[in-house]
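For reference, the structure is listed below as structure tokens.
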Amino acid sequence: MKKTLACSVAATMLLALAACSTPSTDPTGAATDAPTASAGAIKIGATGPLTGGAAIYGQAARNGAQIAVDEINAKGGVQLALNYQDDEHDAEKAVNAYHTLKDWGMQISLGSVTSTPAIATSAENFTDHIFALTPSASSVAVTEGKNNVFQMCFADPNQGSASAQYIADQKLGTKIAVIYKNDDVYSSGIFDTFKTKAAELGLDIVSTTTFTEDSQQDFSVQISDAKSKGADLIFLPIYYTPASLILQQAQSVDYSPKYFGVDGMDGILTLEGFNTSLAEGVMLLTPFNADATDSLTTSFVQKYQSAYGEIPNQFAADGYDCIYAIYQAIVAGNITASMTNAEINDILVAQFTSMTFDGLTGADMTWDASGQVSKAPKGMVITDGAYVGMD
Amino acid sequence: MSFLSHLISGISLGSIYAIIALGYTMVYGIAKMLNFAHGDVIMVGAYSCFFLMSRFHLPVIVGVVAAMLVCTLLGVTIERLAYKPLRAAPALAVLITAIGVSYFLQNAALLLWTSNPKVFPSIAGNTSIKLLGGQLSISPTALLSIASCIVIMVALTWFTSSTRMGKAMRACSEDKGAAQLMGINVNVTISMVFAIGSALAAIAGILLCSAYPTLTPTTGSMPGIKAFTAAVFGGIGSIPGAMIGGILLGIIEIFGKAYISTQLSDAIVFLVLIIVLLVRPAGILGKTVQEKV
């Protein structure tokens with residue numbers, strides 16, 4: 001009797017765990033099930049964290065890409081099928097997901113959403129000759145040494161040097177403190193180039209402190225270090241979750257410097273329960289502004305809101321742009337679903353290195369052979385709980 | 001002045017570790033098992049309190065009491081379903097089950113509450129207390145953590161030394177077989193320990209999230225591991241040991257960050273642990289029990 005009870009408990013738990021890891025139980029997960037597209041559709045596969053701690057990014061990128069695919073398919077002509085697989089922000093799972101996509105018949109890839117898994121899948125893309133355009137994996141290692149992997153987002157070094165340039169040009173601060181996450185390739189990558197560029201521009205970095213995944217709760221020491229050295233601006237090349245803690249803890253010791261963040265800061269205003277008045281005046285460099293009034297942005301924001309019930313962030317815009325950039329290259333290069341992956345790959349590489357693309361996240365974007373995008377970053381400042389352009 | 005404020009941060013962080021560590025140490029003391037799901041019970045407690053306070057706008061005290069009830073129920077259920085059937089099984093089997101329960105709770109929380117972080121409202125308010133002409137500011141949450149830690153410590157010491165149930169617990173932890181022969185209901189006693197440990201986990205979760213207000217399904221896992229370290233540090237199975245271990249760990253962590261290196265803070269914490277265990281293998285207050293052959 002006892003044995004059967006134990007067995008049934010174990011079985012229930014296993015089942016429940018299995019249910020947790022199956023992405024198709026996600027109510028918004030239309031795109032995770034193998035899409036039922038018409039026979040002539042070009043198959044685009046991608047991996048991203050649809051569950052787990054980074055799920056907000058993966059889901060946003062997938063939702064944005066899905067909107068673009070639906071729009072393009074509604075036009076008639078070129079038909080696309082999108083298949084997003086969950087990688088839980090884990091390199092090994094991303095490679096497994098990549099192989100699932102290959103079995104499905106993926107012809108073009110959107111790589112992975114976050115850097116660590118994208119470094120693993122982009123190597124596969126390179127050996128398999130499957131073209132990849134990642135929406136948001138910004139590490140240099142994603143594109144380095146692979147001629148067919150491209151990025152829609154800024155590469156990390158560009159974010160670091162652009163931030164330093166921006167701070168110097170706008171004279172935002174004289175004594176700068178940096179708090180970065182030293183076990184994260186994204187954060188430390190931005191910091192490294194920020195430091196080099198800051199030295200070139202004569203910016204004075206008075207305090208540099210770090211934290212890790214395991215110690216991202218208490219920032220009292222980092223804040224008091226910046227405060228005691230008289231920093232008037234804190235540069236935060238980190239994601240918004242720890243950033244929100246830094247804002248809150250600095251306020252509790254009556255320290256109110258200026259804050260400057262990068263694209264990872266995007267999302268701080270939609271953090272549930274966060275007192276947005278703390279983020280008042282926070283500046284960040286981001287390629288996308290959901291409050292912009294151009295028709296492309298307003299129509300995207302409106303569609304996204306009605307489909308998913310929230311304001312799209314930069315990752316959603318990146319996902320949307322990826323699909324449209326690929327679509328532009330498909331049309332220009334006359335790609336059809338019957339071509340082999342290698343043929344499609346070669347045409348897309350040729351198109352991407354020569355074309356100019358206008359999207360949500362920037363105008364006149366171009367790509368060089370390294371796979372990195374060139375576009376102008378937008379400086380935003382948070383005013384009355386919304387992003388407002390700084391220039 | 002910064003020394004004092006670091007010290008206060010350290011003690012307040014350590015108090016939270018200590019309250020969590022009590023859950024580990026009591027369960028280990030009586031059931032001789034490491035309940036790795038304890039850290040995730042903390043997370044469930046914090047979520048329960050968060051939803052009651054922010055969605056239903058209940059007063060703080062109702063939120064705290066309700067979260068304690070939810071966690072107590074959860075702790076007893078976990079014990080009944082996942083650990084009790086394995087009481088005669090090898091220790092390793094129970095350990096793996098505990099890890100399984102931990103992942104189960106994390107993934108269930110992901111499904112129920114998604115991975116979007118929630119910002120926990122501070123239960124103690126945000127007006128910090130200024131001392132020494134405003135040079136030293138102490139957050140009310142820090143004071144509340146330290147006070148809760150002391151109250152819980154005193155109450156538990158009284159409970160284990162003076163009540164019938166407390167005496168039964170000590171008897172069970174010394175020798176289950178003999179305790180049963182003396183007429184103590186071992187199963188009820190073990191359930192009671194899980195109930196108390198889980199109620200404390202709810203308090204710890206609420207204090208933790210008040211001090212560091214982002215709440216995600218993995219919020220409990222790292223503090224859980226640190227608190228487990230604290231319990232071993234202080235001598236696992238000993239209630240005052242968990243307290244001392246927790247507070248020392250908090251202070252070492254903050255001082256390591258402040259005076260040595262922010263990059264090495266965790267390395268320093270665990271280095272101290274290794275040194276202490278080399279000198280005193282049973283932990284600071286642990287008893288080395290001679291096995292009779």
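Since every read-out is calculated from the coordinates, none of them should be taken as a lab result. In this text the structure is predicted, and so the values were computed from the model without any measurement. Here the Cβ positions follow ideal geometry from the backbone for every residue, glycine too, while neighbour counts run over all protein chains shown.
Compute a Gaussian network model of chain B, connecting alpha carbons closer than 10 Å, and tell me which residue from B:I152, B:I244, B:I20 fluctuates the most.
Top of the fluctuation ranking is B:I152.
Net charge within 12 Å of B:I184 by Cβ-Cβ distance, Lys/Arg positive one each and Asp/Glu negative one each, not counting B:I184 itself?
Values: positive: B:R164, B:K167, B:R170, B:K176; negative: B:E174, B:D175.
Result for the neighbourhood of B:I184: +2.
Restricting to DSSP loop positions (anything but H, G, I, E, B) with no more than 10 other Cβ atoms inside 10 Å of their own Cβ, which trypsin sites (Lys or Arg not before Pro) remain in the stretch B:23-84?
B:R55
At a 10 Å Cβ-Cβ cut-off, how would you order B:H57, A:H99, fewest neighbours first? Each step should come with its number before you reach the end.
On the way: B:H57 8, A:H99 13.
Fewest-to-most Cβ neighbours within 10 Å comes out as B:H57, A:H99.
Provide the gained length on full extension for the span B:V62 to B:L4, in nm with one decimal, where the gain is 0.36 nm per separating residue minus the Cα-Cα distance.
17.5 nm
Does the stretch A:171-265 come out rounded, prolate or oblate by the C-alpha gyration tensor, with a ≥ b ≥ c the root eigenvalues, rounded set by a/c under 1.5 and, if not, prolate when a/b is larger than b/c and oblate if not?
oblate
How large is the dipole of the protein assembly as shown about the Cα centre if only Lys and Arg carry +1 and Asp and Glu carry -1, each at its Cβ, rounded to the nearest 20 debye?
Numbers: 35 positive and 49 negative charges, 641 e Å.
Magnitude of the dipole: close to 3080 debye.
Assign one of three labels to the stretch B:185-280, namely rounded, prolate or oblate, based on the Cα gyration tensor with a ≥ b ≥ c the square roots of its eigenvalues; rounded applies when a/c is under 1.5, prolate when it is not and a/b is larger than b/c, and oblate otherwise.
oblate
For helix B:60-78, report the angle its Cα long axis makes with the longest principal axis of the Cα atoms of chain B; keep it between 0 and 90° and round to the nearest 10°.
Taking the Cα atoms of chain B, the angle to B:60-78 is about 30 degrees.
Taking Cα pairs under 8 Å and at least six residues apart, what relative contact order does chain A come out at, in percent?
Over chain A, the number comes to 16 percent.
For chain B, take the longest principal axis of its alpha carbons; what is the angle in degrees between that and the long axis of helix B:265-279, to the nearest 10 within 0 to 90?
40
Computed FRET efficiency, Cβ-Cβ of B:N187 and A:T100, R0 51 Å: what is it to the nearest 0.05?
In this case the efficiency is close to 0.65.
Could you tell me what percent of the DSSP beta bridges with both partners in chain A are antiparallel, to the nearest 5?
30
Using DSSP, restrict attention to beta bridges with both residues in the protein assembly as shown and report what percent are antiparallel, rounded to the nearest 5. Don't jump to the answer; show the numbers that get you there.
Values: 17 of 48 bridges.
For the protein assembly as shown, the DSSP antiparallel bridge percentage is about 35.
Given H placed 1.01 Å from N in the peptide plane, which residues other than close sequence neighbours of A:T208 have an amide H under 5 Å from its amide H?
Placed amide hydrogens put A:V178 under 5 Å from A:T208.
Quick check for me: using +1 on Lys/Arg Cβ and -1 on Asp/Glu Cβ, what's the dipole size of the stretch A:157-286 about its Cα centre, in debye to the nearest 20?
440
Just going by the charge dipole of the stretch B:2-279, with Lys and Arg at +1 and Asp and Glu at -1 on Cβ, which of B:A89, B:H6, B:V279 is farthest out on the positive end?
My answer, from the dipole projection, is B:A89.
Report the residue, chosen from A:Q222, A:Q314, A:Q372, that carries the largest GNM mean-square fluctuation when chain A is represented by alpha-carbon nodes joined by springs under 10 Å.
A:Q222
What is the magnitude of the charge dipole of chain B about its Cα centre, with +1 placed on the Cβ of each Lys and Arg, -1 on the Cβ of each Asp and Glu, and no other charges, expressed in debye to the nearest 20?
360
Taking 8 Å as the Cα distance limit and 6 or more residues as the minimum spacing, I'd like the relative contact order of chain B as a percentage.
The value is 37 percent.
Ordered by residue, what ³J(HN,Hα) values in Hz, to whole numbers, does the stretch A:55-66 give under the Karplus form 6.51 cos²θ - 1.76 cosθ + 1.60, where θ = phi - 60° and Gly and Pro are x?
Each residue of the stretch A:55-66 in turn: 4, 4, 6, x, 5, 5, 4, 5, 4, x, 5, 5 Hz.
Determine which aspartates and glutamates satisfy two conditions relative to B:K118: a Cα distance under 12 Å, and not lying fewer than 8 residues away in the same chain.
Within the straight-line cut-off, B:K118 pairs with A:E272.
Going by how many other Cβ atoms sit within 10 Å of their own, how do B:E79, A:E272 line up, fewest first?
Ranked by crowding around the Cβ, least crowded first: A:E272, B:E79.
Specify the residue with the greatest mean-square fluctuation among B:C71, B:C172, B:C149, computed from a Gaussian network of chain B linking alpha-carbon atoms under 10 Å apart.
B:C172
Among A:L271, A:W104, A:T293, pick out the residue whose Cα is farthest towards the positive end of the charge dipole of chain A, where Lys and Arg carry +1 and Asp and Glu carry -1 on C-beta, about the Cα centre.
Farthest along the dipole direction, towards plus: A:W104.
Could you work out the mean projected area of the convex hull around the alpha carbons of chain B, in square nanometres to one decimal?
So the mean shadow area of the Cα hull is 16.7 nm².
Starting from the Cα of B:K130, draw a straight line to each of the lysines and keep only those under 20 Å, dropping any in the same chain fewer than 8 residues away.
A:K227
Would you mind classifying chain A by shape? Square roots of the alpha carbon gyration tensor eigenvalues, ordered a ≥ b ≥ c; an a/c under 1.5 is rounded, otherwise it is prolate if a/b is larger than b/c and oblate if not.
In terms of gyration-tensor shape, oblate.
Distance cut-off 26 Å, Cα to Cα: go down the list A:K43/A:K375; B:K167/B:K287; A:K258/B:K257; A:K43/A:K93; A:K171/B:K257; A:K93/A:K303 and report the pairs above it.
Working: A:K43/A:K375 28 Å; B:K167/B:K287 19 Å; A:K258/B:K257 24 Å; A:K43/A:K93 21 Å; A:K171/B:K257 31 Å; A:K93/A:K303 31 Å.
Long pairs (Cα-Cα over 26 Å): A:K43/A:K375; A:K171/B:K257; A:K93/A:K303.
Just going by the charge dipole of the stretch A:157-286, with Lys and Arg at +1 and Asp and Glu at -1 on Cβ, which of A:Y240, A:M283, A:S215 is farthest out on the positive end?
A:M283
On a 0 to 90° scale, report how tilted helix B:91-113 is relative to the longest principal axis of chain B, with both axes built from alpha carbons and the result rounded to the nearest 10.
For helix B:91-113, the angle is close to 40 degrees.
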